[in-house]
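This report concerns only the one structure given below.
The values are calculated or read from the model by the stated rules, or taken from the named source; none is laboratory data. All values reported here derive from a predicted model rather than from experimental measurement. So basically every Cβ, Gly included, is an ideal-geometry build from the backbone, and we count neighbours across all protein chains shown.
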C-alpha cells in the first residue's frame, strides 16, 4: 500500500498489529487455562477443555472490535478472518512453546500420568491387555513432545479458523461507500 493510500484511509490500524497483540493475549490466557487444568488435576477431565473456547471467542471479538475502533469503523469478513487466523497462530505458538517447556523441564512426569489415566480408562471400558498394548503404541507416539508442539499449533489454528468463520460473519461491518 502506498503512502497516498495510507493517508486516504486515515492511517487505518493494521491487521498484523491487532493480531499480534491479541494473539499474545490469547497465548497468555491459554497458558493460564493450561496451568489451571494441570494444577487442578483436570487435564484429562472430559469436556473441561471446551470451557477454554469462551475466552478464545472473547479474544477474537475484542480483536475485531479494536480493529474497527482504531480504524475507519469498518471491517470486512476477510479482514476479520485474517485477524482470527493470525491471532490463533500466534496464540498457538505461545501455548505450544509453553506446554513443551512445562512438559520437558517443569513437570517431566506429566505425559506418564496422562498415559496412566488413559490406560485406566481403557481398562474401565473393558479393553483386553492385547488391545491396550496395541493402542499404547500409537498413543505413546502421540505423546512425543515435538509432535505435541505441532498438534497444539494446528489445533489452535483449526479451532481459531472455525470460530473466526462464524465470529467474522457476525462482527463484520462493510463500508457502504465501497459496496456496489
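Look at residue 170 and say whether it is modelled with pLDDT of 90 or more and surrounded by 11 or more Cβ atoms within 10 Å (Cβ to Cβ).
no
From the list 67, 74, 56, which residue is buried (at least 19 other Cβ atoms within 10 Å of the Cβ) and touching a strand residue (DSSP E or B) at 6+ places or on another chain (Cβ under 7 Å)?
67
Does residue 52 satisfy the condition of being under 12 Å from the mean Cα position of the chain (by Cα) and modelled with pLDDT under 95?
yes
Sort out which residues of the range 17-33 are in contact with a helix residue (DSSP H, G or I) (Cβ under 6 Å, 6 or more places away or on another chain) and closer than 22 Å to residue 111 by Cβ, and write them in order of number.
Result: 27, 30, 31, 33.
Here are some residues: 148, 137, 160. Which one is under 27 Å from residue 59 (Cβ atoms), at pLDDT below 95, out of contact with any strand residue (DSSP E or B) (no Cβ under 7 Å at 6 or more places or on another chain) and part of a helix (DSSP H, G or I)?
148
Give, as residue ranges, the helices (runs of 4 or more DSSP H) completely inside the range 1-115 that count at least 1 residues that are more than 20 Å from residue 147 (Cα to Cα) and touching a residue at least 40 places away in the same chain (Cβ under 8 Å).
In the range 1-115, 15-39, 53-70, 77-101 are the helices (runs of 4 or more DSSP H) which contain 1 or more residues that are more than 20 Å from residue 147 (Cα to Cα) and touching a residue at least 40 places away in the same chain (Cβ under 8 Å).
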